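See below for the structure under consideration.
The values are calculated or read from the model by the stated rules, or taken from the named source; none is laboratory data. Worth saying up front: this structure is predicted, and the values here are computed from it rather than measured. With ideal geometry, Cβ positions are generated from the backbone for all residues, glycine too; neighbour counts draw on all protein chains shown. Side chains are part of the model used for accessible areas, which takes the heavy atoms of the whole protein and leaves out ligands, DNA and RNA. Shrake-Rupley method; radii C 1.70, N 1.55, O 1.52, S 1.80 Å.
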Amino acid sequence: MSTGNGADSAPGHTSTPSTSADARAGTSSESSASSKYSKNSMFGSLRIRNYRLFATGQAVSNTGTWMQRIAQDWLVLSLTGSASAVGITIALQFLPMMVFGLYGGVLADRLPKRPLLIATQSAMGLTGIALAALTLAGHVHVWHVYLAAFLLGLVTVVDNPARQTFVPEMVGKKQLANAVSLNSANFQSARLVGPAVAGVLITAVGSGWAFLLNGLSFAAPVIGLLLMRTDELHPVEPQPRTKGQLREGLRYVAGRPELIWPIVLVGFIGTFGFNFPIWLSAFVDDVFHGDAGTYGLFNTLIAAGSLAGALLAARRGLSRLRLLTAAAVLFSVLLIVTAFAPGFWLFAALLVPIGLFGLTVNVTANSSVQMATDPEMRGRVMALFMMVFTGGTPVGAPLVGWITDTHGARVGMAAGGAVSLAASVAIAVVLARVGNLRLSVSRHGVAFVPSPHRRELVPAA
């Protein structure tokens, strides 16, 4: 699928404000701040002090989070010897998002973001410290890990939409796409460091120390939030508590193709295509007969590709739905190809482009949805986005884990790629029809181009 100029006008082109809500959000202070930092560059958002504090704190806690993820997966595999058990752990962590995710978005719209994030980040740190105490004391059982994962998921229900919607309050509208991309680059940079450190710690002293360092790492974002200059924020007025706010959010998304189809796409990709803890642990254990260091290496290679994808997105600035669907198709094809890679190093090398295109899907969908959403609805819309993206994991992870255990790592990974590919192609066709595009085949490749009688997509009122 081409990403050439022919599809620039696909629905969901998010570089142009589409509603009068932008005017409501554009206060004089935001306008002046946005113009001050409007220079287009890969790291433009970091010129804003509050965002620098936020990004620094997230870099520290994200590193700890990746250390805990690797340690948690490996601990469960060590205790049970089962990829399905790893899948259950992941499912329990994301189950609260599937069940309560929309309510978290309602709270994010009702409450001031900064104090809410101080509370959620502190709670996440305490969860890591509790799991560390059990592990270091030698009393940890698999149900302890299940419980810790579930509690962490409960906190994430509120933390995720609050953190997502706090970004525009720090940077303003003009730097929003850049800041979303840099957040992903931040997360993926930590993914480069965290697994490597976790692999060393697990091998040398055990998983408990990785859990402890993760718990302590949450002090950094809490301190950063406390040090922010509140007069430089662009807060959205908290929404008063009224009946039907959750249904209002669902109706809002349902009436806008530029919102609903990216959310549906990331739902399929998140449910069936982002099950790397299951696949990689199975490949390490059953196919390549490696250890925790090998598992950390595989995660680091995916992170390297993801970091490249995030930085490219930050440099690109704009988010287009044609890029989203193309990246989703390429990501899915790579999953299938990688599943049947015959050798260790070929498999490892293919993880890098998988990370790049997977991250491109995530960042492009995230920034497209945020840019197309009215500020007063952003908490509920982003909660739905995250609920669909991660909330499908309780369904997908056990299913993918069962396929992997029953038919092997290669079949499990290929099956996830096949479902993702089918969804990506179908949604690309739907978006083309909604945007009145037609398929064009030429010597330059295959692309969707505007039809002669194409009408502009207008968001539903």
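A few remarks follow.
- Taking the range 67-92 as the range and being open to solvent by less than 30 Å² (accessible area, probe 1.4 Å) and closer than 25 Å to Ile263 by Cα as the test, the residues that pass are Gly87, Thr89, Ile90, Ala91.
- The set of residues in the range 391-408 that are of a type in the set (A, V, I, L, M) and either touching a strand residue (DSSP E or B) at 6+ places or on another chain (Cβ under 7 Å) or at pLDDT below 90 (or both) comprises Val395, Ala397, Leu399, Val400.
Yes/no per residue for (1) over 20 Å from the mean Cα position of the chain (by Cα); (2) among the small types (Gly, Ala, Ser):
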{"site": "Ile269", "(1), (2)": "no, no"}
{"site": "Gly305", "(1), (2)": "no, yes"}
{"site": "Arg320", "(1), (2)": "no, no"}
{"site": "Phe344", "(1), (2)": "yes, no"}
{"site": "Leu356", "(1), (2)": "no, no"}
{"site": "Asn362", "(1), (2)": "no, no"}
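- Count of the range 181-201 residues, restricted to those that are open to solvent by 10 Å² or more (accessible area, probe 1.4 Å) and either of a type in the set (A, V, I, L, M, F, W, C) or not in a helix (DSSP H, G or I) (or both), is 8.
- Residues that are assigned to a loop (DSSP other than H, G, I, E, B), modelled with pLDDT under 90 and of a type in the set (A, V, I, L, M, F, W, C) within the range 297-347 comprise just one, Leu318.
- The range 121-161 - residue that is among the polar types (S, T, N, Q) and buried (at least 21 other Cβ atoms within 10 Å of the Cβ) and, of those, farthest from Ala83 (Cα to Cα): Gln121
- Of all residues in the range 265-300, those that are open to solvent by 50 Å² or more (accessible area, probe 1.4 Å) and not acidic (Asp, Glu) total 4.
- Only one entry of Val140, Val236 meets the criterion of being more than 30 Å from Arg315 (Cα to Cα) and outside any helix (DSSP H, G or I), and that entry is Val140.
- Sole residue being on the phi < 0 side of the Ramachandran plot and not aliphatic (A, V, I, L, M), chosen from Gly224, Gly206, Gly244: Gly224
- Per-region count, the range 93-106, residues open to solvent by less than 10 Å² (accessible area, probe 1.4 Å) and not hydrophobic (A, V, I, L, M, F, W, C): 4
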